[in-house]
Amino acid sequence: MAFDAGTTSERAIVFDKSGRIVSLAQKEIQQYYPKAGWVEHDPMEIWSAQLGVAVEAMSKAGLNAEDIEAIGITNQRETTIVWDKETGLPVYKAIVWQCRRTTRICDGLAEYRDMIRDKTGLVIDPYFSATKLKWILDNVEGAADKAARGKLLFGTVESWLIWKLTKGRVHVTDQSNASRTMLFNIHELKWDVEICALLGIPLCMLPKVVSNSEVYGESDPSYMGGSIKIAGAAGDQQAALFGQKCFNAGDIKNTYGTGCFLLMNTGENAIDSKNGLVTTIAWNKNGKTTYALEGSVFMGGAVIQWLRDELGLINNAAETEELALKVKDTNGCYIVPAFTGLGAPYWKPEAKGIITGLSRGVGKYHIIRAALDSIAYQVNDIVSAMSHDAGSVLRVLKVDGGASNNAYLCQMQADISDVKVVRPECVETTALGAAYLAGLASGFWKDEADIEKRSGINTVFEPIMESEVRSKCIDGWKRAVEMLI
Ligand code: ADP
């Protein structure tokens, strides 16, 4: 059973040995926006909603605790929780990854940019947990003092859930989640004393860092009608990489959600990106750490929401597939959806979006098509950056997420990136990855080969675009991007 503690909802999914869904339950959680740019969740709601959906998923399928082999957890990454060790109560709301309140703290760290990048693989940004944790210690009355006396604990969401499930017996975090805190040395595989001291974070409040696939403990029997082993955990994107069976160096996946998240397995090498990507830990298993390169596109499926909500060009996201195919191309039109700046590999936070190539011949369907294409072009830019960094040519891109249901988009991606795009039968890859990690630790699956051989049927999109057409399309995109930066 996977616990998928996401940004908008908590979900529990029970999988069988072939990786198919047996049962699923989901509950949304409340989003708090106390000020512009601030985002919070209630940690107690995360916990109770997560437990609630677990029980619901089990009862829907008539399962008891002893029918569940193990629990694997995957979670919204970076989100920061601090709680009292004795009372088990959070001292503040969870500060969510999207929250920008620590921008000023980050600005103040500029001189440590290289040191932090070398040690953590990350760029200094409010996104990561470190400055959020510092903010809590600095702003919650008495917190810094209590933390120094060993009375407070820090954890990201999986750490909090494991602590709650074990009634405070186990305080751990896995390497993939630790690597997103900006406090973890990804080469030495330990909390970095220098960075912690710089931010005034007492080491005693940090969880023990464990692997992504091992038995951490058992859930208290009072919660789910018996105890269940908790045997795996990984941050959502890393879990998706595992769930997509990107087990080997060079394997790459993209999740087409609101934004797009690309991760490439780089094996035992922590590759330092020359192209604005971050280096992160994919997972640690059987004593071996696997690294990944990560890049994200801010506006992925959100461009389609914009067509629907701001432009009113479509009624729903799914119909874009049919509408885009009403025309044979975009008639020279490009959309660069830099609504919130442009991320990797351009890094232009101040940029605003543009539509180029407008003539009287450009109509609604061309714009819809250009919007879908803009997702593929942005993903392609990251794919190219990754290939350069890794020094390898990409042959297969595994895809998932809401917008991967769009066959036009998948085909366009295959054509523009000149790769085979593979969409698995089960697109719940995040939860599946957590389940695999737990099931491998418990012996439910023997090894990765055992997982591979039980996989479902994939949908494959082969590149069919002629190379001259591809070059022309990409040149047009590059020109459009240049106009904006
Ligand atoms: P998230 O996990 O970020 O909430 P999802 O994986 O649920 O996102 O994907 C939802 C996003 O994908 C939305 O932005 C939506 O506009 C887009 N989307 C969903 N279905 C389609 C589709 N068939 N074609 C294009 N975009 C789609």
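The values are calculated or read from the model by the stated rules, or taken from the named source; none is laboratory data. All values reported here derive from a predicted model rather than from experimental measurement. We place every Cβ from the backbone using ideal geometry, glycine too, and count neighbours over all the protein chains shown. Each accessible area value is taken on the protein alone, full model and side chains, heavy atoms only, with ligands, DNA and RNA left out. Shrake-Rupley method; radii C 1.70, N 1.55, O 1.52, S 1.80 Å.
With a/c under 1.5 counting as rounded, go ahead and sort segment 113-231 into rounded, prolate or oblate using the C-alpha gyration tensor (a ≥ b ≥ c being the square roots of the eigenvalues; past the cut-off, prolate if a/b is larger than b/c, else oblate).
Oblate is the answer for segment 113-231, as a/c is 1.5 or above yet b/c matches or exceeds a/b.
Report relative contact order for the chain in percent, whole number only (criteria: Cα-Cα under 8 Å, sequence separation at least 6). The partial results should precede the final answer.
Values: 1086 pairs, mean separation 73.6, N = 485.
So the answer I get is 15 percent.
Taking segment 265-316, which trypsin sites (Lys or Arg not before Pro) meet the DSSP loop condition and have no more than 16 other C-beta atoms within 10 Å?
Values: sites: Lys274, Lys285, Lys288, Arg308; in loops: Lys274.
Counting only loop positions with at most 16 other Cβ atoms within 10 Å, the trypsin sites (Lys or Arg not before Pro) in segment 265-316 are Lys274.
Need the C-alpha centroid separation for segment 6-38 versus segment 323-356, integer Å.
30
Just to confirm the number: angle between the C-alpha axis of helix 429-442 and the first principal axis of the chain, 0 to 90 degrees, nearest 10?
40
Based on DSSP, what percent of beta bridges with both residues in the chain are antiparallel, to the nearest 5?
Numbers: 50 of 69 bridges.
Among the beta bridges of the chain, antiparallel pairing accounts for roughly 70 percent.
For Leu311 and Thr103 in the same chain, what is the full-extension length gain: residue separation times 0.36 nm, less their Cα-Cα distance, in nm? Mind showing how you got there, number by number?
Working: separation 208, 0.36 × 208 = 74.88 nm, distance 3.17 nm.
Extending this stretch completely gives an extra 71.7 nm.
Summing -39500 (n - 2.57) over the DSSP H runs of n ≥ 4 in the chain and dividing by its residue number, what mean residue ellipticity at 222 nm do you reach, to the nearest 500 deg cm²/dmol?
Numbers: 16 runs with 165 residues, N = 485.
Result for the chain: -10000 deg cm²/dmol, rounded to the nearest 500.
Multiply the residue gap between Asn139 and Asn248 by 0.36 nm, knock off their C-alpha separation, and tell me the result in nm, one decimal place. Before the final figure, lay out the partial values.
Values: separation 109, 0.36 × 109 = 39.24 nm, distance 4.38 nm.
Between Asn139 and Asn248, full extension yields an extra 34.9 nm.
At Gln26 and Asp450, where each label point lies 7 Å from the Cα along Cα→Cβ, what is the point-to-point distance in nanometres?
The two pseudo-label positions are separated by 3.0 nm.
Could you check the spin-label model distance between Met465 and Ala318? Points 7 Å from the Cα along Cα→Cβ, value in nm.
It is 2.7 nm.
Could you do me a favour and compute the accessible area per residue for segment 2-236, 1.4 Å probe, result in Å²?
Details: 8970 Å² over 235 residues.
Using a 1.4 Å probe on heavy atoms only, each residue of segment 2-236 averages 38 Å².
How large, in percent, is the carbon and sulfur part of the accessible surface of the chain at a probe radius of 1.4 Å?
Values: 9520 of 19360 Å².
Answer for the chain: carbon and sulfur cover 49 percent of the accessible area.
Label Met44 and Asp67 with points 7 Å out from Cα along Cα→Cβ: what is the distance between them in nm?
Result: 3.2 nm between the two label points.
Can you tell me the relative contact order of segment 196-270? Whole percent, Cα pairs under 8 Å, sequence separation 6 or more.
Details: 75 pairs, mean separation 13.5, N = 75.
RCO, segment 196-270: 18 percent.
Determine the alpha carbon to alpha carbon distance for each of Lys119/Lys245; Lys119/Lys453; Lys326/Lys478 and list only those over 31 Å.
Those over the limit are Lys119/Lys453.
For Thr356, Thr258, Thr103, give me the order by solvent-accessible area with a 1.4 Å probe, most accessible first, ignoring ligands, DNA and RNA. List each step's numbers first, then the result.
Working: Thr356 15, Thr258 90, Thr103 55 Å².
Per-residue accessible area, sorted high to low, gives Thr258, Thr103, Thr356.
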